[in-house]
Amino acid sequence: MQSELEEKKEMQQLRDDIMRLKKEKNALIMTHYYQRDEIQEIADFIGDSLALARQAAKTDADIIVMCGVHFMGETAKILCPDKKVLIPDKAAGCSLADSCDPVEFKEFVESHPDHTVISYVNTSAAVKALTDIVVTSGNARKIVEQLPEDEKIIFGPDHNLGEYINSVTGRRMLLWKGACHVHDRFSLEKIIEMKKEHPGAKILVHPECRRPLQLIADKVGSTAALLDFAQKDDAKEYIVVTESGILFEMRNKCPQKVFLAAPAEDSECQCNECDFMKLNTLRKVYECLRDETPEIFVDEEISKKALKPIERMLEMS
Ligand code: 13P
Ligand code: SF4
């Protein structure tokens, strides 16, 4: 069993080695807000899915280490096919992306030939290749609102985000029935109970949560939008209804405020944590930078098809 001091020393050594390798290899460490605190600490860039895609599109680094989940690495690779894109743990998938099988999605798309296909960025490259426009939770509303009011739209895979966009835009997009196993499990009852204990707290909700939670929210938005709201708003306390990794940056940016992680349905398990996101560790970041593996590869044909809707997203947002 390692002592606390030994553990601290090891972490410091890993941080030093990562910094050295990063310079030597001209690598960029990009990190999503749901990553472990110690990974967010060493990142060159932290962001939501939209910011990560934008940053990947403009970096001049030779290597991108994507500390997030697989679809984030794939999106970076599609935008920068000539760069090496690494992910600390290849098993870091996404239950939402997995809820949209490309073969089934193709059938759905083909059975609605007069529809524009909008896909959330939390999808495989194969699903993006069947898509007209990719969106993130940070730009979905803005993009949908740019389409003609009578445009017929398919939206996948996140049903809760789709319902939210339908409600704020007045559209009637056809929704795929996918969901994220973390966001879909937050309990309305528990959050109402929490609000009773903290009546002054504002409720921040990610749009991947179910509709009743969206309805009681003071702010619905992407991780970056929730963070931005907390920075500009004047409340002192917040109930944060999304993956709890975001609390690290919220507390960094607003040290004088209190952020409470919303409990999920089953308080016995850490259901407000994304087990895929948490697969990445500081040691794995070091090892993947040292060994330049695991690397993300995307089939060339699929990559070319998937690039168009991603570029369209970047143009429209
Ligand atoms: P954001 O784009 O809001 O960061 O969300 C990504 C995600 O995976 C949410 O579960
Ligand atoms: Fe996917 Fe949900 Fe994890 Fe986000 S929190 S990466 S949607 S499984």
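The values are calculated or read from the model by the stated rules, or taken from the named source; none is laboratory data. Small disclaimer: the values here were computed from a predicted structure and weren't measured. Please note: Cβ atoms are built from the backbone with ideal geometry, for glycine as well, and neighbour counts cover all protein chains shown. Just the protein is used for accessible areas: all its heavy atoms, side chains included, with ligands, DNA and RNA removed. Shrake-Rupley method; radii C 1.70, N 1.55, O 1.52, S 1.80 Å.
Filter Lys190/Lys219; Lys22/Lys257; Lys106/Lys305; Lys8/Lys257; Lys83/Lys305 down to the pairs with a C-alpha to C-alpha distance above 23 Å, please.
Details: Lys190/Lys219 18 Å; Lys22/Lys257 34 Å; Lys106/Lys305 14 Å; Lys8/Lys257 28 Å; Lys83/Lys305 18 Å.
In this structure, Lys22/Lys257; Lys8/Lys257 exceed 23 Å between Cα atoms.
Mind putting together the pair-distance distribution for segment 167-317? All Cα pairs, 10 Å bins, whole percent per bin, short to long.
The percentages, shortest bin first, are 9, 30, 31, 22, 7, 0.
Taking the Cα centre of the chain as the origin and placing charges on Cβ (Lys, Arg +1; Asp, Glu -1), which of Ala97, Val127, Ile78 is farthest toward the positive end of the dipole?
Checked the options; the winner is Ile78.
Quick one: divide the alpha-carbon radius of gyration of segment 1-114 by 2.2 N^0.38 Å and tell me what you get.
1.32
Please work out whether the chain counts as rounded, prolate or oblate from its C-alpha gyration tensor, where a ≥ b ≥ c are the square roots of the eigenvalues and a/c under 1.5 means rounded, while otherwise a/b larger than b/c means prolate and anything else oblate? Could you put the intermediate results ahead of the total?
On the way: a/c = 1.86, a/b = 1.10, b/c = 1.70.
Cα axes put the chain in the oblate bin.
Mean projection of the alpha-carbon convex hull of segment 226-297 over all orientations, in nm²?
Its Cα hull, projected and averaged over all orientations, spans 7.0 nm².
Which value at 222 nm does the chain reach when only helices count, each DSSP H run of 4 or more adding -39,500 (n - 2.57), with the total divided by all residues and rounded to the nearest 500 deg cm²/dmol? Intermediate results must be reported in sequence, preceding the final value.
Working: 15 runs with 144 residues, N = 317.
Value at 222 nm, helices only, nearest 500: -13000 deg cm²/dmol.
Tell me, what is the per residue accessible area of the chain in Å², probe radius 1.4 Å?
Per-residue value: 46 Å².
With θ set to phi - 60° and the Karplus curve 6.51 cos²θ - 1.76 cosθ + 1.60, what are the ³J(HN,Hα) couplings of segment 99-115 in order, to the nearest whole Hz, using x for Gly and Pro?
Karplus-based 3J(HN,Hα) across segment 99-115 equals 7, 10, 6, x, 5, 5, 5, 4, 4, 4, 5, 5, 7, 10, x, 8, 9 Hz.
Between Leu5 and Glu151, what is the label-point separation in nm under the 7 Å Cα-to-beta-carbon projection?
6.3
Whole-Hz ³J(HN,Hα) for each residue in segment 142-148, computed from phi via Karplus 6.51 cos²θ - 1.76 cosθ + 1.60 with θ = phi - 60°, x for glycine and proline: what do you get?
For segment 142-148, the Karplus curve yields 4, 6, 4, 5, 7, 8, x Hz.
Apply 1/(1 + (r/R0)^6) to the Cβ-Cβ distance of Arg211 and Asp16, taking R0 = 45 Å, and write down the FRET efficiency to the nearest 0.05.
Working: r = 47 Å, r/R0 = 1.05.
In this case the efficiency is close to 0.45.
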